[in-house]
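Shown next, in structure tokens, is the structure this report addresses.
Quick note: the coordinates plus some simple rules give every number you see, no bench work behind them. All values reported here derive from a predicted model rather than from experimental measurement. FYI the Cβ positions are ideal-geometry reconstructions off the backbone, even for glycines, and counts take in every protein chain you see.
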Amino acid sequence: MRILILQFRPAVRGLVVPRFDPSLGVLISLLRERGHELSILGVSRFQQERVKSALAAGLPQLIYADIAAVCSDIAQRTLRYVQDHEFLPVVVGGQYATVEPAASLSLPGVQAVALGEPDASLITYFERMKDPAIGQVVRGVWLRDESGLARPQMPALVEDLDSLPFAERD
């Protein structure tokens, strides 16, 4: 599956986006291990042309939005553009999704929200998206579809941290 990762981070003088984030880095490593084609775009303010060119270059089948808690307005404007022009499913994760899962689900085009650490739950969710016959309810992923809203419990934390791959830094 081709996935465009939008990393929403505040504009901080001297810091570039995308920025290294350990949990996002582990998620990227796990997704690459499973054969997903990934592209990433750092977003610190709404720039329609950058988003448009990232969509054209990567031809994604899905968008994963990793949203910092203070970037919900930028995310809303960007995801509204995606919803109006591209019709791609959006999955949200990061700080904002964990702190405000209901508000994250109300962002334009969002179908699912990953709470907490995304490694196990999102990998399972993305794998289940490939086969619609399998139920898509996954622990730690709130889901909105035609049947309503599913809010399953959080998954257990990964106890053996050595089992996780090194975080992707490229």
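Among residues belonging to segment 115-145 that are aliphatic (A, V, I, L, M) and closer than 20 Å to Glu37 by Cα, point out the one that is nearest to the chain's Cα centre (by Cα).
Taking the candidates together, the pick is Leu122.
Are there any pairs, at least 6 apart or on different chains, whose C-beta atoms fall under 7 Å, with the first in segment 7-28 and in contact (Cβ under 8 Å) with a residue 12 or more places away in the chain and the second of a type in the set (S, T, N, Q), and if so, which?
Listed pairs, sorted by first residue: Arg9/Ser44; Pro10/Ser44; Ala11/Ser44; Val17/Gln7; Val17/Ser44; Pro18/Gln7; Leu24/Gln7.
Could you please give the count of residues in segment 91-118 that are buried (at least 19 other Cβ atoms within 10 Å of the Cβ) and acidic (Asp, Glu)?
1
Considering segment 80-119 alone, what residues qualify as being farther than 20 Å from Arg2 by Cα and of a type in the set (A, V, I, L, M)?
The answer is Ala97, Val99, Ala102, Ala103, Leu105, Leu107, Leu115.
Determine which single condition Ala57 fails, assuming it passes every other condition in (1) touching a strand residue (DSSP E or B) at 6+ places or on another chain (Cβ under 9 Å); (2) touching a residue at least 24 places away in the same chain (Cβ under 8 Å); (3) surrounded by fewer than 18 Cβ atoms within 10 Å (Cβ to Cβ).
The one condition Ala57 does not meet is (2).
Looking at (1) in contact (Cβ under 8 Å) with a residue 60 or more places away in the chain; (2) surrounded by 14 or more Cβ atoms within 10 Å (Cβ to Cβ), which one does Thr124 not meet, given that it meets all the others?
So the condition that Thr124 fails would be (1).
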